[in-house]
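Peer 1: Can you read through this structure? Questions will come right after.
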Amino acid sequence: MGVTNLSAVLKELSTIPIIEEKKVEDFSGKSLAFDAFNVLYQFLATIRDSRGMSLTDSEGRTTSHLIGLLTRNSQLLSKGLKPVFVFDGKSHELKRSTIERRSEIKEKAEKEYKEALKMGDMERAKSLGQRISRLDSNMIDDSKKLLDLMGIPVIQAPGEGEAQAAQIASEGTVYAVASQDYDSLLFGGPILVRNLNISGRRTLPSGHVRMIYPQEIHLDKMQKGLGFTREQLIDLGILMGTDFNPDGFRGVGAKTAFKFLKKHGDFLTIRKNEKKVSSVPFDNYEEIRDIFLHPNVKKGVTFSFGEYDVEGILHFLVEERGFNADRYKNLLRSTAESIETMNKQTSLDDFFG
DNA sequence: CCCGAGTA
DNA sequence: TACTCGGGG
């Protein structure tokens, strides 16, 4: 999850427009560091059958994440994007309670889901199904295996994936971080790209349909538009709630957090002067701030892109997971072909400067 | 999530 | 061309 509700702040409180609308093709030739868990959870939540159940192979193993990774990444590769996947390592102890709470919520949703199924309330079942996605170590392993077969580099972060992704983005090893969360910006990643693993149209809870485009957000522009330093952006996040203090503060949302920060300058001064923030016990401020300012990351990480191995992918998905070969072989071949023609083109470009 | 078939 | 629906495993 992470910091997800910053959109309102960026749209309504900034003096300059911060969110740049892009097309997927605009990222052709650029490498993007995807927060792997972020992507996988997205697939697990959305790739479901009409009863809200994950898709599985004949042995009951979930395959939703594999379908998502294969189709989405094949499209991105066809358009010349160079995805890199960064997996979470050990999560910070302050995040544990968040994780535990999420798993409680999931257990509750699971019970309600079964009831909804019994009652035949499919709409409700489907929406509950989305909340009970679990990512186990087998799913992580076969995601890595599939990515490897697709030639997509897999990076193992020592801690937060989002932090490691931000690190390689600041080092210029990748162009940007791709995620739905804003955390990479708080970790110091200079560019964030959102909506890159989401299709063009989305049905909102209200029933309205809206087009979704990739968005590019630059940290420096965001700081300029809001008039905040990076430290203040971190304070903003903490006031609104992060993975490390998920509750935030009662009655403090985007606007109030922004207002407090403008008035007092930093979190500790707000804590001294604003009742909404001071009335709650909260002694992890320095530690949380430090997670964002000095994250647990590896420096100087390098990687290389591999071959898109059509035969290998087919073997894994068809032989081992029961995918329908006819359904996917066209996608695989045309993807391999686009990659090949693009490689030829870029090597020509390199040759001629 | 993505795709294809069916429909207008 | 635009949209909805069902299926994918």
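The values are calculated or read from the model by the stated rules, or taken from the named source; none is laboratory data. If you're wondering where the values come from, they're calculated on a predicted model, not measured in any experiment. Glycine also receives a Cβ, built like all others from the backbone with ideal geometry; neighbour counts cover every protein chain displayed. Accessible surface areas use protein heavy atoms only, side chains included; no ligands, DNA or RNA. Shrake-Rupley method; radii C 1.70, N 1.55, O 1.52, S 1.80 Å.
Peer 1: Aspartates and glutamates within cross-link reach of A:K23: Cα-Cα under 15 Å, excluding same-chain residues under 8 positions apart?
Peer 2: A:E216
Peer 1: As a test, work out the antiparallel percent of DSSP beta bridges whose residues both lie in chain A, rounded to the nearest 5. Walk me through the intermediate numbers first.
Peer 2: Working: 12 of 25 bridges.
Around 50 percent antiparallel, to the nearest 5.
Peer 1: Calculate the length of the line joining the C-alpha centroid of segment A:37-96 to that of segment A:258-285, in whole Å.
Peer 2: Taking the Cα centre of segment A:258-285 as reference, the centre of segment A:37-96 is 38 Å away.
Peer 1: Follow-up question, since we're still on this one. Over all distinct Cα pairs, what is the inverse of the mean 1/r for segment A:98-148, reported as the Kirkwood hydrodynamic radius in Å? Don't skip to the answer; put the middle values down first.
Peer 2: Numbers: mean 1/r = 0.0814 Å⁻¹.
For segment A:98-148, inverting the mean 1/r across all distinct Cα pairs yields 12.3 Å.
Peer 1: Right, another one. What is the magnitude of the charge dipole of chain A about its Cα centre, with +1 placed on the Cβ of each Lys and Arg, -1 on the Cβ of each Asp and Glu, and no other charges, expressed in debye to the nearest 20? Present the calculation step by step, with values, prior to reporting the outcome.
Peer 2: Values: 50 positive and 50 negative charges, 283 e Å.
Dipole about the Cα centre, nearest 20: 1360 debye.
Peer 1: How about segment A:12-84: which GluC sites (Glu not before Pro) there lie in a loop by DSSP and see at most 12 other Cβ atoms within 10 Å? Kindly include the intermediate steps, with their values, before the conclusion.
Peer 2: Values: sites: A:E12, A:E20, A:E21, A:E25, A:E59; in loops: A:E59.
Within segment A:12-84, the qualifying GluC sites (Glu not before Pro) (loop, at most 12 other Cβ atoms within 10 Å) are A:E59.
Peer 1: Ignoring ligands, DNA and RNA, what percent of the 1.4 Å accessible area of chain A is carbon and sulfur?
Peer 2: Details: 8830 of 18100 Å².
Carbon and sulfur: 49 percent of the exposed surface of chain A.
Peer 1: Under 15 Å from the Cα of A:K299, which aspartates and glutamates turn up, not counting those fewer than eight places away in the same chain?
Peer 2: Output for A:K299: A:E160, A:E162, A:E171.
Peer 1: For chain A, what does the helix formula give at 222 nm: sum of -39500 (n - 2.57) over DSSP H segments with n ≥ 4, over the residue count, nearest 500 deg cm²/dmol? Can you show the working numbers first?
Peer 2: Details: 16 runs with 177 residues, N = 353.
Taking each H run of at least 4 residues, the total per residue is -15000 deg cm²/dmol.
Peer 1: Another question about this same structure. When the convex hull of the C-alpha atoms of segment A:1-87 is computed, what volume per residue in Å³ does it have? Walk me through the intermediate numbers first.
Peer 2: Values: hull volume 12.5 nm³, N = 87.
Dividing the Cα hull volume of segment A:1-87 by its residues yields 144 Å³.
Peer 1: Given a cut-off of 18 Å, what percent of all Cα-Cα pairs of segment A:45-176 lie beyond it? It would help to have the intermediate numbers written out before the result.
Peer 2: Numbers: 5650 of 8646 pairs.
Of all Cα-Cα pairs in segment A:45-176, 65 percent lie more than 18 Å apart.
Peer 1: Kindly report the accessible area of chain A per residue (heavy atoms of protein chains, probe 1.4 Å, no ligands, DNA or RNA), in Å². Intermediate results must be reported in sequence, preceding the final value.
Peer 2: Values: 18100 Å² over 353 residues.
Result: 51 Å² per residue.
Peer 1: In vacuum, with every alpha carbon of chain A counted as one equal point scatterer, what does the Debye formula give for log10 I(q)/I(0) at q = 0.07, 0.10, 0.11, 0.12 Å⁻¹? Two decimals, please.
Peer 2: -0.33, -0.67, -0.81, -0.96
Peer 1: Considering Cα pairs under 8 angstrom that are at least six residues apart, work out the relative contact order of segment A:228-294 and quote it in whole percent. Please report the intermediate quantities before stating the final value.
Peer 2: Working: 53 pairs, mean separation 22.4, N = 67.
Averaging sequence separation for qualifying contacts and normalising by length gives 33 percent for segment A:228-294.
Peer 1: Same structure again: Taking segment A:236-303, how much of its Cα-Cα pair set, in percent, is spaced more than 14 angstrom apart? Let's see the in-between values first.
Peer 2: Values: 1361 of 2278 pairs.
Value for segment A:236-303: 60 percent of Cα pairs lie more than 14 Å apart.
Peer 1: Let me ask something additional. Alpha carbon centre of segment A:128-150 versus segment A:313-343: separation in Å?
Peer 2: Answer, in whole Å: 19.
Peer 1: Another question, if that's okay. Restricting to Cα pairs below 8 Å that are 6+ residues apart, what does the relative contact order work out to for chain A? Please round to a whole percent. Mind dumping the intermediate values first?
Peer 2: Details: 546 pairs, mean separation 80.8, N = 353.
Reported as a whole number, the value is 23 percent.
Peer 1: More than 22 angstrom separation, counting every C-alpha pair in segment A:217-353; what % is that? Write out the running numbers ahead of the final one.
Peer 2: Values: 5710 of 9316 pairs.
Counting pairs separated by more than 22 Å, the tail of P(r) holds 61 percent.
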